[in-house]
Structure formats: C-alpha cells, structure tokens
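One structure coming up, written as structure tokens, with questions to follow.
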Amino acid sequence: MEYIRRIVDQEIDKRIKAFNAINIIGPKGSGKTRTAQERCKTIIEFQDEERRDGYLAVAETAPRLFFSNDKPILFDEWQDAPKIWGAIRKDCDDHPEAVGEYYLTGSTSRKTDTPHTGTGRISELIMYPMTLWETGESNGAVSLSKLFDHPEIPLTGAFSQTMLEDLFFAACRGGWPRCLAISDREAKLEIAKDYYRQIYQKDASAIDGVKRNPEWVRTLLWSYARNMATLAKKTSIYADVKFTQNVTDVTLSSYISVLEKLFVLRDIDAWTPQIRAWC
C-alpha cells in the first residue's frame, strides 16, 4: 500500500534537523512504525520472531553494534530491549553534530523505565490516527490555524462533497490506517470495535503489569463516550460508573491515568485567547 504522507511528517522534518533521535509515541495502530519506516535505511524489529532472539542478545550485551548499520535506523518495539534507549542517548552525546540517525517506535500498552529521560537528545512527538484530510475525505480548503495565524485571509467559505452520513460513518470508523486497506465498508468498523475491546480486556493491565477490572474500564470508557465534548466534571463520570459498579473514586482516578497513558483519553485544553492582544 502506498504511503500517505501524514501531518506529523512536517513536524518530523523540522525536528530531524535539530535532534539525532526521534521517539514517536501515540495510540496503537496509528501508523507510527510505517511513518518511521519511510525514513529509515535499516529497520530493527524486535517483534520479528525469526530474528528476535538474536536482536535481543545483541541489545542486551552490545547494543552499539546496531549502530554500524546504514542510517537512519529504526528500532521498532524498542521497549523489548530497553538498553537501546541508553545506547542511543550515549551516541547522541558522543556525536553532537549528527542529526536524524535514529527513530524509535513502540507499543503504548507497556511502560518501560529508562535511566535517562533522553531530554535534549531524543525528541519525542505524538502521532494520532489519521484526520479526514489525511484519509482524503476532507479537501482541506479551510484551515483554522491559518485563520488565526493570518487574519487577513478572506472568509470566502468552502464546499465539501462529503455527505453528512459519511461524516457519521467516519466518526464511528476512526482514522486507523488499517481501514484504508479494507474494501468492505462495514468491515472497516471492526477495527475500532476490536481496539476498544483490546483496551479494556488487555492493555489497561498490560501497560504496567497491574491487574485491573475489565468491567470497570469498560464502564469508564462508556461514560466518557457519553459525555464526549461536554463540560462534564469527573464527579459526573465517577457517578456514572458507580451507578452499576462498586468502585472508589481513588481507583477510578488511577484507571483514568492509565487510559491517558494509553492515549485513549485526553482532555481538551480550555480555550484561553489573549483578548487584550486584540485591543
């Protein structure tokens, strides 16, 4: 399948001029690995069953051996070999003039502790599922950022060929790149459904090894979905869950924290325009 350039590619283009390593994080299935693959000459996949044992042995004993490969190098699922992080950080220190040589991608369903944050060496950016412009369902004729950055642009309006029913479908389907490879319209919806099931059945516990109640996670997600794009307080969310589940606020707060780390939940920042600047 031909690669579709993503919006995040523009940000990567800027950062690889300043940093030697890029760590792409974000929701599962959002296209992190494919985007990094398009930029790399060498791909180290720690989930490759045929090479996994060899890769892990090298990563554990002499991770710098990987750096002799053609660059840029992608380390996919690097959390399986956490010493890679430290080795890349050290190489960035040793070669401060080098840029754009290393890319890291991995699953958000498992947290990995590293002895160094990578600040100033490994730049981290978030990649989300595809927008309607990336999937080709929006013509991109209207840009909110351009309207704010260039107030002189005339507001002439724009017309979209996308029907309202198609927007409803796109909202239910989501922006998962996998959907673009599926021809059956109804089958596209199964991607988001399975993602939802995996989150509350597996990932909520796998991220840090703490066993969590799948039903509590499911009910919590249901309440957030019901209150999406509203000003609902967390007390309202908690009340929704506790209506059918026997769980404390403290526990629910910890569950929300996990779902935020998985990029399943993200609160929208309040709109705080600097009105005085316009006076």
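Within the stretch 186-279, which helices (runs of 4 or more DSSP H) (wholly inside it) include 2 or more residues that are touching a residue at least 40 places away in the same chain (Cβ under 8 Å)? Please lay out each step first, then the result.
On the way: elements: 214-226, 234-242, 249-261.
In the stretch 186-279, 214-226, 249-261 are the helices (runs of 4 or more DSSP H) which contain 2 or more residues that are touching a residue at least 40 places away in the same chain (Cβ under 8 Å).
Go through the stretch 111-126 and give me each residue that's of a type outside the set (S, T, N, Q) and assigned to a strand (DSSP E or B).
Kept after step one, since they are of a type outside the set (S, T, N, Q), are these residues of the stretch 111-126: 111, 113, 115-116, 118, 120-122, 124-126.
Listed by number, the residues that qualify are Ile122, Glu124, Leu125, Ile126.
Between a residue in the stretch 1-29 that is over 16 Å from Ile73 (Cα atoms) and any residue that is in a loop (DSSP other than H, G, I, E, B) and of a type in the set (Asp, Glu), which pairs come within a Cβ distance under 8 Å, given they are 6 or more apart or on different chains?
Tyr3/Glu38
Restricting to the stretch 29-64, give me the number of residues that are under 16 Å from Leu104 (Cα atoms), over 19 Å from the mean Cα position of the chain (by Cα) and of a type in the set (Ser, Thr, Tyr).
Qualifying residue count for the region: 2.
Follow-up question, since we're still on this one. Determine the pairs where a residue that is within 20 Å of Ala171 (Cα to Cα), located within the stretch 137-154, has a partner that is charged (D, E, K, R) and part of a helix (DSSP H, G or I) with Cβ atoms under 8 Å apart, the partner being 6 or more residues away or on another chain.
Correct list of pairs: Glu137/Asp166.
Taking the residues in the stretch 86-127 that are farther than 24 Å from Asp70 by Cα and over 21 Å from the mean Cα position of the chain (by Cα) as candidates, determine which candidate is least open to solvent (accessible area, probe 1.4 Å). Walk me through it before giving the result.
Looking only at the stretch 86-127, we keep the residues that are farther than 24 Å from Asp70 by Cα, and these are 107-117, 119, 126-127.
Adding the requirement that they be over 21 Å from the mean Cα position of the chain (by Cα) leaves 115-116.
On the way: Pro115: 134, His116: 52 Å².
Top of the filtered list is His116.
Which of (1) under 26 Å from Leu265 (Cβ atoms); (2) surrounded by fewer than 15 Cβ atoms within 10 Å (Cβ to Cβ); (3) in contact with a Leu (Cβ under 8 Å, 6 or more places away or on another chain) is the odd one out, the single condition Gln201 does not satisfy?
(3)
Which count do you get for residues in the stretch 206-219 that are within 21 Å of the chain's Cα centre (by Cα), of a type outside the set (Lys, Arg) and either modelled with pLDDT under 95 or open to solvent by 50 Å² or more (accessible area, probe 1.4 Å) (or both)? Spell out how you get there, then give the answer.
The initial filter retains those residues of the stretch 206-219 that are within 21 Å of the chain's Cα centre (by Cα), namely 206-209, 217-218.
Subset that is of a type outside the set (Lys, Arg): 206-209, 217.
Going one step further and asking which of them are either modelled with pLDDT under 95 or open to solvent by 50 Å² or more (accessible area, probe 1.4 Å) (or both), we end up with 206-209.
Residues in the stretch 206-219 being within 21 Å of the chain's Cα centre (by Cα), of a type outside the set (Lys, Arg) and either modelled with pLDDT under 95 or open to solvent by 50 Å² or more (accessible area, probe 1.4 Å) (or both): 4 in total.
Scanning the stretch 69-110 for residues that are among the aromatic types (Phe, Trp, Tyr) and in a strand (DSSP E or B), which turns out nearest to Asp48 (Cα to Cα)? It would help to see each step written out before you state the result.
Going residue by residue through the stretch 69-110, those that are among the aromatic types (Phe, Trp, Tyr) are 75, 78, 85, 102-103.
Keeping just the survivors that are in a strand (DSSP E or B) gives 75, 102-103.
Values: Phe75: 12, Tyr102: 19, Tyr103: 17 Å.
My answer is Phe75.
The values are calculated or read from the model by the stated rules, or taken from the named source; none is laboratory data. None of the values given here were measured: they were computed from a predicted structure. Using ideal geometry, Cβ is built from the backbone for each residue, glycine included, and neighbour counts are taken over all protein chains shown. Heavy atoms of the whole protein, side chains included, go into the accessibility calculation; ligands, DNA and RNA do not. Shrake-Rupley method; radii C 1.70, N 1.55, O 1.52, S 1.80 Å.
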